[in-house]
């Protein structure tokens, strides 16, 4: 029979040295199983069980702290905790936060298949946009105004591509994209709302026709425009920039412009640019990365046409 010490050693090994007793002592429960779910440069996720109950433990790294102190491991853990509390208070499907420490968060396990692993339909996109619309309508309380970085996709895209260029100085295409980013001056007159911060297709789970949002570590009081840019970039990449992917992305753009009052529609292509750059620099496959880089310029020509046509239709409507 496994002793308490043997169990502690095994848990510590799987959890890369994290002391599970911190949680057990605080919650008064004893975990009987642990397994890794995902280990990445931003965070590591582990599945924990205690009898019939299942949990997810997320441990955050400091890999984004170079962008802003507001993106340290402890700041992102706090941001995700606050976001999940907001979801719970407003009846939005998401994990339930259970325990928060300096750089770790324990939450309930949510069943479901990541949307990125499914065929993307307009029905799924409608559900995502409906979830986000409810989230954006929640009143922003003063304590939440200081969480996160409101224009993070813009700031992060600039910093990440600068790093990439310094390591790949002969990549003329990426140097051109860097200049495009450097030429942007993001000044929004839109009112801040709560935003997910990373609503890409991998951060939605679908189970029995119910959609849940996960991974809120970049949650902030910011601008829906950036959420939309990231979502559209994710749809384009998921569909490998096919005709169908552009068609679905156009659907997201039209839905966004119909449902969210904004004075920054013309900045949406720039938000898509930031989203595509962030996706490109994060993928380990160099061939796929270059494919995304190559498609960015054509996307930047396509998006303003769609937005302009929609604005023209609104004026004549």
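FYI, it's all coordinate maths here, none of it is from the lab. Just so we're clear, the structure is a prediction, and the values are computed from it rather than from any experiment. All Cβ positions, even for glycine, are placed from backbone atoms using ideal geometry, and neighbour counts span all protein chains on display.
Structure summary
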item	result
Cα gyration tensor shape of region 4-56, rounded if a/c is under 1.5, else prolate or oblate by comparing a/b with b/c	prolate
CD proxy at 222 nm, helix term only [per DSSP H run n ≥ 4: -39500 (n - 2.57); per residue of the chain; nearest 500]	-16000 deg cm²/dmol
Along principal axes, Cα extents of region 15-108, largest first, whole Å	41, 35, 22
Estimated FRET transfer efficiency when R0 is 35 angstrom, pair residue 126-residue 298 (beta carbons, to 0.05)	0.85
Pairwise label distance in nanometres, residue 176 with residue 53, each label 7 Å out on the Cα-Cβ vector	5.6 nm
Percent breakdown of C-alpha pair distances by 10 Å bin, ordered from the shortest bin, for region 167-237	17, 33, 33, 14, 3
Three-way shape label, region 115-177, alpha-carbon gyration tensor, a/c 1.5	oblate
Förster radius 35 Å - calculated FRET efficiency between residue 282 and residue 29 (Cβ-Cβ, nearest 0.05)	0.50
Region 285-301 versus region 202-235: alpha-carbon centroid distance in Å	22 Å
Exposure proxy ranking, count of Cβ atoms within 10 Å, fewest first, for 200, 113, 126, 195	113, 126, 200, 195
Likely footprinting exposure, 138, 296, fewest C-beta neighbours within 10 Å first	138, 296
Computed E for residue 243/residue 10 - FRET, C-beta separation, R0 45 angstrom, nearest 0.05	0.35
Calculated over region 126-267: convex hull of Cα atoms, volume per residue (Å³)	137 Å³
Options (1) 60, 49, 46; (2) 72, 47, 38; (3) 94, 39, 37 - which one matches Cα extents along the principal axes in Å as calculated here	(2)
Region 1-45 and region 150-186: distance between their alpha carbon centers, rounded to Å	39 Å
Sorted by Cβ neighbour density within 10 Å, fewest at the top, the residues 247, 24, 301, 217	301, 247, 24, 217
Global form of region 55-205, assessed from the alpha-carbon gyration tensor, a/c cut-off 1.5	prolate
